[in-house]
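These notes concern the structure reproduced below.
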Amino acid sequence: MIGSGIFVSPKGLLERTGSVALSLIVWGACGILSLLGALCYVELGCMIPSSGAEHTYFLTAFGHLPAFLFAWVSIIILKPAMLAIICLSFSKYLVEAFTSECEPPLMAIQLLGALTIVLITFINSYSVNLATRVQNIFTAAKLLAILIIVVGGIVKLAQGNTAHLAKGFEGSTRSFGDIATAFYSGLWAYDGWNNLNYVTEELKKPYTNLPRAIIIGLPLVTVCYLLVNVSYLAVMSIDELLASETVAVTFGNRVLGWAAFLMPLAVTLSTFGAANGTAFTSGRLCFVAAREGHMVDVLSYVHNRKLTPSPALLFNAAIALIMVIPSDIGSLIDFFSFTAWIFYGGAMTALIVMRHTMPDAPRPYKVPIVIPVLVLLISIYLVVGPIIDSPQIEYLYATLFIVAGLFFYFPFVYLKKSLPGMGHLTTFFQLLLEVVPTDVMPDA
């Protein structure tokens, strides 16, 4: 979960809420909402212990069409956009470390972002164990970055730097749409709370480890994010924070003195780890969707020796490379959050529906029904609120893209038609990539 968000989102969230106190309330509310949603996913993951998360739950609760539409949007837009955002954040902070006296060149940020996508895809295609080790190492780096910021903030607060925090609700927005889009910025930082459900088949003791990871992880991340934002505001004024493109670097320059280089280094390590985790889960979603016939067959193949879903990983990387070109992180985050919460709301609906259609299904973990209902209502607000208050063309594009999936579903999934030459193309990629078909994600 801890990746680029906490180093990118504070500016957008503060800008949209307008005040220190309201921004901190939204940060806390985003953590609570993520925890409630994750608890619902624990029930879904324990009841249906298959990889694929929302795709698997939609398929079980509603059938092929909703599952396909989710796979269509996630594989073509959401997951590549997530990887592109994180890699752009990684490259921006890394370039910033070497160009602190001037604005970093956009071309350098784009090229480094693209190279990062290529490197992460290679790691995940080469070995599951290597990808896991990379994730463990860079998780420690994430916590180091958070620790540096929190300790620095505590020192500044102890020195009496509370003037910016004392402004409270001064300047708070009264717009419901602004609050909803502020949630977009905050929830982007928390996104990843459902990632374990994409790899349920590969978890050891999922009935134990899935709820344990959620119940320990979410409150810990929420506390960390609140402390980080308090630390930022102990060092920077609202205007200074809003003017900074790389908030954590500005913080480091103010607090760490000669050791200021540690902050961009820690942030780049954090974002690299987040990008690695995103690529890992994105490949599994693509693999599961193709296994169910919702994507081309070759995307459900695995390497015959490495046992990694390399075609799915390469497909995700190819689209992410295209998304690096615009380099507009803010717009990508809004587009991602708007679309993602449509499907998170759908997952809550699936849980509620399966309580009635599958009452006797084994549920090692069961949440009170009020929790998915509450998360569903909030997700509706997060989707509808910005459209009513401040309609933007991006929301229309997202809706049209979802609907466009119908033009592919009916001929290629429902009627099972195939384009001429697809068999030869599949064979070509199978030989080129040295991949073979499989019914399950092998334990590498």
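The values are calculated or read from the model by the stated rules, or taken from the named source; none is laboratory data. It should be emphasised that the depicted structure is a prediction, and the values quoted were computed from it without experimental measurement. Cβ: placed from backbone, ideal geometry, glycine included. Neighbour counts: every protein chain shown. For accessibility, only protein heavy atoms count, side chains too; no ligands or nucleic acids. Shrake-Rupley method; radii C 1.70, N 1.55, O 1.52, S 1.80 Å.
Extents of the chain, taken as max minus min of Cα coordinates on every principal axis and listed largest first, are 67, 46, 43 Å. Among GLU201, GLU15, GLU170, the largest mean-square fluctuation in a Gaussian network model of the chain, built with springs joining Cα atoms closer than 10 Å, belongs to GLU170.
Counting only heavy atoms of the protein chains, get the accessible area per residue of segment 269-387 (1.4 Å probe) and round it to a whole Å² value.
Values: 4230 Å² over 119 residues.
Using a 1.4 Å probe on heavy atoms only, each residue of segment 269-387 averages 36 Å².
Working from label points 7 Å from Cα in the Cα-to-Cβ sense, the VAL353 to LEU406 distance is 1.7 nm.
Rolling a 1.4 angstrom probe over the chain with all protein chains present gives an accessible area of which 69% lies on carbon and sulfur atoms. For segment 334-392, the fraction of C-alpha pairs more than 13 angstrom apart is 65%. Which angle between 0 and 90 degrees, to the nearest 10, do you get for helix 176-190 versus the longest principal axis of the chain when only C-alpha atoms count? Value to nearest ten degrees: 80.
Each peptide among 242-255, 221-234 gets the average number of other Cβ atoms lying within 10 Å of its residues, and from highest to lowest they stand as 221-234, 242-255.
For segment 236-298 and segment 345-373, what is the separation of their Cα centres, given in Å? Segment 236-298 and segment 345-373 have Cα centres separated by 32 Å.
Of all lysines in the structure, the ones whose alpha carbon falls short of 22 Å from that of LYS156, not counting any fewer than 8 places away in one chain, are LYS11, LYS142, LYS167. How far is helix 206-235 tilted, in degrees, relative to the longest principal axis of the Cα atoms in the chain, given as a value from 0 to 90 rounded to the nearest 10? Between helix and principal axis, roughly 30 degrees. Which residues' amide hydrogens lie under 5 Å from the amide hydrogen of VAL302, considering only partners 5 or more residues apart or on another chain, with H built in the peptide plane? Sorted by chain and number, the residues that satisfy this are VAL436, THR438. Between 0 and 90 degrees, the angle of helix 128-158 with respect to the longest Cα principal axis of the chain falls at about 20 degrees. Per residue, segment 89-236 exposes an accessible area of 48 Å² to a 1.4 Å probe, with every protein chain left in place. Length, then width, then depth: along the principal axes, the Cα atoms of segment 299-444 run 50, 47, 33 Å. The distance from the alpha carbon centre of segment 381-423 to that of segment 1-32 is 30 Å, rounded to a whole number.
Run the helix sum for the chain: -39,500 (n - 2.57) per DSSP H stretch of 4+ residues, divided by residue count, reported at 222 nm to the nearest 500 deg cm²/dmol.
Working: 18 runs with 312 residues, N = 444.
The helix-only estimate for the chain comes to -23500 deg cm²/dmol at 222 nm.
Does segment 354-432 classify as rounded, prolate or oblate by the C-alpha gyration tensor (a ≥ b ≥ c root eigenvalues; a/c under 1.5 gives rounded; else a/b over b/c gives prolate, otherwise oblate)? Kindly include the intermediate steps, with their values, before the conclusion.
Working: a/c = 2.92, a/b = 1.39, b/c = 2.11.
Because a/c hits 1.5 or more and a/b fails to exceed b/c, segment 354-432 counts as oblate.
Ranked by the mean number of other Cβ atoms within 10 Å per residue, highest first, peptides 59-71, 205-217 order as 59-71, 205-217. If the segment from VAL223 to LEU242 were pulled out straight at 0.36 nm per residue, it would be longer than the present Cα-Cα gap by 4.6 nm.
Applying 0.36 nm per residue to the separation of LYS416 and ARG363 and subtracting their alpha-carbon distance, the gain on full extension is 15.7 nm.
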